[in-house]
Amino acid sequence: MHGLMQRHELLISSILEHAARHHGDGEVVSRRPRWRASPAPNYAALGLRARKLAAMLRWLGVVPGDRVAPWR
C-alpha cells in the first residue's frame, strides 16, 4: 500500500515546517495564558525561532542524542 505511506518520518520539526510554509500567518494557540502575546505569534515566526535555537545549539556543540535542559 505505497499510496498511503508518507515519504518522511512524522517529526515535530516536519509538522512545524509544514505549518510555517503553508499556514505561516496562522496564529499559534496555546492552553497556557502566558503565551497570549501581543501581537500573537504565528507559525512563520515560531519556525524562525526554532531554526535559530537549533543553529545556536549546534554552535554550542550539541549533537543529536545529547540532552539539553533549560536553565533558570
message = Looking for something part of a loop (DSSP other than H, G, I, E, B), at pLDDT 90 or above and open to solvent by less than 100 Å² (accessible area, probe 1.4 Å) - is there at least one such residue anywhere in the stretch 39-51?
response = no
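When you scan the stretch 54-72, how many residues do you find that are open to solvent by less than 100 Å² (accessible area, probe 1.4 Å) and either modelled with pLDDT under 75 or in a helix (DSSP H, G or I) (or both)?
Just the residues of the stretch 54-72 that are open to solvent by less than 100 Å² (accessible area, probe 1.4 Å), to begin with: 54-57, 61-63, 65-66, 68-69.
Pick out the ones that are also either modelled with pLDDT under 75 or in a helix (DSSP H, G or I) (or both) and you get 54-57.
Going through the stretch 54-72 one residue at a time, the tally reaches 4.
Counting only residues that are closer than 23 Å to Pro70 by Cα and modelled with pLDDT of 90 or more, how many does the stretch 18-38 have?
So the first thing to find is which residues in the stretch 18-38 are closer than 23 Å to Pro70 by Cα, and the list is 28-37.
Next, from what is left, pick out any that are modelled with pLDDT of 90 or more: none.
Residues that pass the stated criteria total 0.
The values are calculated or read from the model by the stated rules, or taken from the named source; none is laboratory data. Note that the coordinates shown come from a computational prediction; the quantities given were computed from them, not determined experimentally. Surface accessibility is based on the protein's heavy atoms, side chains included, excluding ligands, DNA and RNA. Shrake-Rupley method; radii C 1.70, N 1.55, O 1.52, S 1.80 Å.
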